Amino acid sequence: MKKWQKEYSTKGYTRINLDQVDSLRNTKERLQRELQKFCSNKKVRIDNLHLYFLDQDIEEVCWKLCQFFWKMKFCKKIIKDNIDIFEKFIGPDIYYQTQPFLRISRPNNKSDNIGFHRDTMYGQSPYEVSVHVPLSSLDKNSCLKFLPGSHLLSDSHFEVAEKGSNASKKGSRKHEMGFPYDPKVIKETPDLQPVPLKFGQAVVFPPSTLHGQKINTGSKTRMSFDFRIISKYAPVKFRQDITSRGYSLLSKSAITEVADNFLKINQQQ
Ligand SMILES: [Fe+2]
């Protein structure tokens with residue numbers, strides 16, 4: 001565990017093994033069943049969906065899956081089941097992103113990716129922690145890349161690439177699915193390292209780490225979700241709306257619980 005925290009601090013990302021994978025496996029199976037319902041074909045899988053859906057249908061498929069993923073609160077369950085790991089990073093008073101992103105990246109399809117970026121360039125606080133979890137194993141061609149040491153570099157260090165054509169409209173469903181309306185894409189460099197993952201592994205990183213993918217050059221579709229968690233005591237203003245920008249309480253320490261109750265009781269007098 002200490003190795004993970006050291007890597008997080010020094011390298012800017014760390015690969016973790018989830019303690020409990022039952023809820024992750026269940027999430028994968030339920031999403032797969034939804035996909036099978038959409039195309040009435042039991043052969044469709046998370047990682048071969050590119051063989052069964054047309055280009056023009058993929059946004060609709062992804063939107064339906066996202067809504068299902070949010071409605072079922074799969075991500076919350078997975079974080080709760082693995083709370084011991086996340087507590088080690090941010091302490092016991094945890095808020096989580098209410099609507100985390102579920103992403104699909106088909107092989108050789110540039111429009112499915114948002115390119116290399118730092119989440120801090122999109123307004124994330126450096127006090128947030130990002131977690132990327134794939135729903136099937138990813139090899140070096142299908143996984144995301146991360147730049148070691150980039151978490152502590154100034155924004156001026158990075159060269160912005162030409163604006164991609166992948167922008168979403170503000171407030172559109174594509175925007176709600178994690179495609180920025182004003183993309184700030186950084187040029188790819190040879191130092192970016194692929195981080196292959198087995199099912200049950202995840203990458204934990206601060207939002208300032210340069211990460212992403214230009215194109216999935218593997219042979220399988222990558223389906224993954226990413227979520228942000230943050231300490232209740234981080235110096236940020238929490239939004240409570242039910243969107244990807246909003247946060248919900250996941251867990252409270254005994255100290256916070258007692259303090260909150262004490263204050264509530266005394267306010268009533
Ligand atoms: Fe990101």
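The values are calculated or read from the model by the stated rules, or taken from the named source; none is laboratory data. This structure is a prediction, so every number in the text was calculated from the model and none was measured. Methodologically, a virtual Cβ is constructed for each residue, glycine included, from the backbone with ideal geometry; neighbour enumeration extends over all protein chains shown.
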Residue check for Val204: surrounded by 15 or more Cβ atoms within 10 Å (Cβ to Cβ) and either under 19 Å from the mean Cα position of the chain (by Cα) or at negative phi (or both): yes
Evaluate the following for Thr221: is it among the hydroxyl-bearing types (Ser, Thr, Tyr) and crowded, with 22+ Cβ neighbours inside 10 Å? yes
Name the residue, out of Ile94, Ile46, Ile79, that is among the β-branched types (Val, Ile, Thr) and within 14 Å of the chain's Cα centre (by Cα). Ile79
If a residue has to be outside any strand (DSSP E or B) and within 16 Å of the ligand (Cβ to nearest atom) to count, how many in the stretch 196-213 make the cut? 6
Residues that are polar (S, T, N, Q) and under 29 Å from Lys88 (Cα atoms): does the stretch 159-168 have at least one? no
Somewhere in the stretch 175-188, is a residue in a loop (DSSP other than H, G, I, E, B), without any contact (Cβ under 8 Å) to a residue 12 or more places away in the chain and either away from the ligand (no atom under 11 Å from the Cβ) or over 25 Å from Asn26 (Cβ atoms) (or both)? no
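So which residues in the stretch 3-50 are β-branched (Val, Ile, Thr) and either crowded, with 16+ Cβ neighbours inside 10 Å or at pLDDT below 95 (or both), if there are any at all?
The answer is Thr14, Ile16, Val21, Thr27, Val44, Ile46.
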Residue count for the stretch 206-232, restricted to those that are touching a Gly at 6+ places or on another chain (Cβ under 8 Å) and farther than 20 Å from Tyr13 by Cα: 0
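Quick check on His157: is it without any contact (Cβ under 8 Å) to a residue 40 or more places away in the chain and in contact with a helix residue (DSSP H, G or I) (Cβ under 9 Å, 6 or more places away or on another chain)?
So His157 passes the test.
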Are any residues in the stretch 214-255 touching a strand residue (DSSP E or B) at 6+ places or on another chain (Cβ under 6 Å), part of a loop (DSSP other than H, G, I, E, B) and within 16 Å of the ligand (Cβ to nearest atom), and if so, which ones? Asn216
For the stretch 229-269, which positions are more than 14 Å from Gln99 (Cβ to Cβ) and basic (Lys, Arg)? Lys232, Lys237, Lys252, Lys264
